[in-house]
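To start, the structure under review is shown below, and the notes come after it.
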Amino acid sequence: MDKFVIKGGKKLSGSVDINGAKNSTLPILAGAILSGDNVMIKNIPDLKDVRTMMDVLRSIGLRLTEDFESRELHIKPSEKLNIETPYELIKQMRASFFVLGPLLARMGKARVALPGGCAIGTRPVDIHLKGLEKLGAKIILGHGYVEASASKLVGDNVYLDFPSVGATENIMMAATLAEGKTLIENAAKEPEIDDLAAFLNTLGAKIKGAGTDVIEITGVKSLGGGTHSIIPDRIEAGTFMVAAAMTGSNIKINNVRLDHLEAVIAKLQDAGVSFYKTGTTIEVAAPERLKPVNIKSFPYPGFPTDMQPQFMAAMTLAKGTSCIQETIFENRFMHVAELKRMGANVQIKDRSVIVEGVKHLSGAPVMASDLRAGAALVLAALAASGKSEILRVYHIDRGYESFEKKLAGLGADISREKDTALY
Ligand code: EPZ
């Protein structure tokens, strides 16, 4: 296992490039199952989760040729698709569950392992399954697997009890080949949904309203090939904005879709951070000291839950008290205890954390528990005085490409080392 060793207290400068969005790439790779022709995906990020999803597609029988230098992935179809996705792949990454809808639509049946929970919550899939049943699928659960079958999927109105991102994507993909019209109501509106719909429409799907809470899909007989370029990763961009904000720095961030980051930019402006936008580059200028700001995570376009840990890390150094509320996941405060080890004054109260800003954090060995908590601890270590070690960085490698190299390129004193400790 690797760890990051960070000597904090250094200001950042220069510019950093943002990669393609992880949470767009994963459902789009699953969506390629729907195509009977060649698919080219551009601007793919080189992430552990992306490589896992590529293994899932290969296990299903698709032929992939990747070139991470040019950030291109070429997917060749195959007539014979394996309808079973093994647990060993799903347990590595719950997003593999996105193959259920496409496999069911393409092959009329699918056997996909149920994803387990993870550090941030139990993360059930009931909304996915209820939606697919509404389209005519027969769902049987047993031995940790979902067996779905449908001689024919028929379009219908699907109301989501919660605007689940994954459920919206799974149902939307299945509906592309269903007979007739499907309306997904109370759909998730994240930019990644819009990107997936754009990709599927390139293949010949008929999807309208993606990015709003009502998505209309008119089923077609089959989907062809096409080329699509992944949108920039708004959470990676937001993470670097907070890195600048916490270290009193001024940096430039390239390849940013500013319209995907309005809530994050607004909250950082409330905290005293200045932004100067030129095209898809944004300059971030931190104040001497951050002002306290309350946040509450919400489905898009609200403040993204995937930025909650990073923003909390910033608030530990603000001049005053702030309240951080997490409304999406029931256990997304694993970073709190680790921030306390660095001298933060934070108290959990149900689904909220009260943060009393302190003048300084002190470096310490801390442990990443999940992707965004790990990123938050790196940011805290950059701002802390002294040396920190961030353990279990495999969590961070799932969603941040060359995170330590990009931070070192901005002047941070960070290196990746082997973690030989037995724990
Ligand atoms: C996606 O997860 C993202 N992952 C998550 O990013 C992100 O945090 C989340 O959306 C919310 O924005 C990918 O896109 C690969 P949900 P997903 O279904 O689809 C409950 C990261 O750090 N729920 O919108 O799993 C669920 O328990 C990751 O990149 C049900 O109850 O999220 C949760 O409380 C972390 N039943 C809430 O909805 C269901 O059937 C939101 O989950 C589905 C979800």
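The values are calculated or read from the model by the stated rules, or taken from the named source; none is laboratory data. Keep in mind that this is a model prediction, so the values were computed, not measured. Using ideal geometry, Cβ is built from the backbone for each residue, glycine included, and neighbour counts are taken over all protein chains shown.
So here's what we get for this one:
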item: Matching entry among PRO45, PRO115, PRO102 (being within 30 Å of GLY155 (Cα to Cα), within 17 Å of the chain's Cα centre (by Cα) and not in a strand (DSSP E or B)); result: PRO115
item: LEU26 within 16 Å of the ligand (Cβ to nearest atom), in contact with a Ser or Thr (Cβ under 9 Å, 6 or more places away or on another chain) and closer than 30 Å to GLY386 by Cα; result: no
item: Residues of region 345-389 satisfying the condition of being in a loop (DSSP other than H, G, I, E, B), surrounded by 20 or more Cβ atoms within 10 Å (Cβ to Cβ) and of a type outside the set (Gly, Ala, Ser); result: LEU361, ASP370
item: Selection count, region 282-332, where residues are of a type in the set (A, V, I, L, M, F, W, C), assigned to a loop (DSSP other than H, G, I, E, B) and either surrounded by 24 or more Cβ atoms within 10 Å (Cβ to Cβ) or away from the ligand (no atom under 14 Å from the Cβ) (or both); result: 5
item: Wholly within region 119-236, helices (runs of 4 or more DSSP H) carrying at least 2 residues that are free of Cβ contacts under 8 Å to residues at least 40 places away in the same chain and away from the ligand (no atom under 16 Å from the Cβ); result: 191-202
item: Region 96-118, residues that are surrounded by fewer than 18 Cβ atoms within 10 Å (Cβ to Cβ) and either in contact (Cβ under 8 Å) with a residue 60 or more places away in the chain or of a type in the set (Ser, Thr, Tyr) (or both); result: CYS118
item: Hey, LYS91 of a type in the set (Lys, Arg), over 26 Å from the mean Cα position of the chain (by Cα), more than 10 Å from the ligand (Cβ to nearest atom) and at negative phi or not; result: no
item: Given (1) surrounded by fewer than 17 Cβ atoms within 10 Å (Cβ to Cβ); (2) farther than 21 Å from ALA188 by Cα, index of the condition THR218 fails; result: (2)
item: Residues satisfying the stated conditions in region 294-352, i.e. under 16 Å from SER362 (Cβ atoms) and of a type in the set (S, T, N, Q); result: THR316, ASN345
item: Checking THR85 against (1) modelled with pLDDT of 85 or more; (2) over 20 Å from the mean Cα position of the chain (by Cα), the condition it does not meet; result: (1)
item: Residue match in region 135-153 (condition: modelled with pLDDT of 95 or more and within 25 Å of the chain's Cα centre (by Cα)); result: no
item: Boolean, LYS11 is charged (D, E, K, R), within 30 Å of ALA286 (Cβ to Cβ) and more than 16 Å from the ligand (Cβ to nearest atom); result: yes
item: Of the criteria (1) in a helix (DSSP H, G or I); (2) more than 30 Å from LYS221 (Cβ to Cβ), which one SER96 fails; result: (2)
item: Region 71-95 residues that are among the aromatic types (Phe, Trp, Tyr), paired with ones that are not in a strand (DSSP E or B) (beta carbon under 8 Å, 6 or more apart); result: TYR87/GLY144
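A quick yes/no check of all residues on (1) without any contact (Cβ under 8 Å) to a residue 24 or more places away in the chain; (2) buried (at least 18 other Cβ atoms within 10 Å of the Cβ):
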position: GLY8; (1), (2): no, yes
position: SER13; (1), (2): no, no
position: ILE18; (1), (2): no, yes
position: SER24; (1), (2): no, yes
position: GLY31; (1), (2): no, yes
position: VAL39; (1), (2): no, yes
position: ILE44; (1), (2): no, yes
position: ARG51; (1), (2): yes, no
position: LEU57; (1), (2): no, yes
